[in-house]
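Laboratory data are not the source of any read-out in this text; all were calculated from the coordinates shown. Being a predicted model, the structure only gives us computed values, none of them experimental. Heads up, the Cβs are rebuilt from the backbone with ideal geometry, glycines too, and the neighbour counts pull from every protein chain shown.
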Amino acid sequence: MTNEVNRDYSLKPTVRMGSYFFKWSDTDYGICPSETSIFKNFIRKMIPLLEYCMSVLNFEHKNNSQKNLLKDKKHNICIIEKYNSNVSFIMYIDGTGSTVFYREEKFHIRSKEFENLEAKDHNSLVLQTCNNRMADHNIVSLKWLLGELLFDRVKTTN
């Protein structure tokens with residue numbers, strides 16, 4: 001990627017809400033400056049759901065007679081919030097309560113442009129077409145890891 005793109009997506013703002021903090025991925029890109037408040041609001045809205053899932057996990061851990069659906073790897077929770085028509089934030093909660101976030105951006109390209117892209121090694125590009133046939137414009141989805149939401153078990157004093 002060019003340096004210009006890296007500057008656009010290199011923002012990794014501090015996100016701390018109560019006892020939760022966001023740990024950004026060291027190897028992937030961040031978010032655009034204009035997305036900061038939307039992303040923080042998405043996390044703020046997801047914390048009650050995460051706390052509910054953790055209470056269910058703790059209850060099912062204590063009561064082994066019930067089948068634990070969340071601990072089954074087939075039953076992960078995925079929530080998507082669209083920022084605009086092209087950008088979405090995605091949160092996954094697995095059976096252990098681990099919570100990771102991704103950023104996905106979709107854009108249109110012409111078939112000839114996609115053929116040129118396809119020749120290169122782009123593991124994160126996903127082609128989506130209507131009716132399983134090539135159209136004049138294809139929607140390409142680029143998704144990358146943002147990081148994970150963690151619970152701060154150590155009380156800090158200011």
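Phi angles of segment 90-102 translate, via the Karplus equation with coefficients 6.51, -1.76, 1.60 and θ = phi - 60°, into HN-Hα couplings of 10, 10, 10, 10, 9, x, 9, x, 5, 10, 10, 10, 10 Hz per residue; Gly and Pro are given as x. The fewest-to-most ranking of SER85, SER10, SER37 by surrounding Cβ atoms within 10 Å reads SER85, SER37, SER10.
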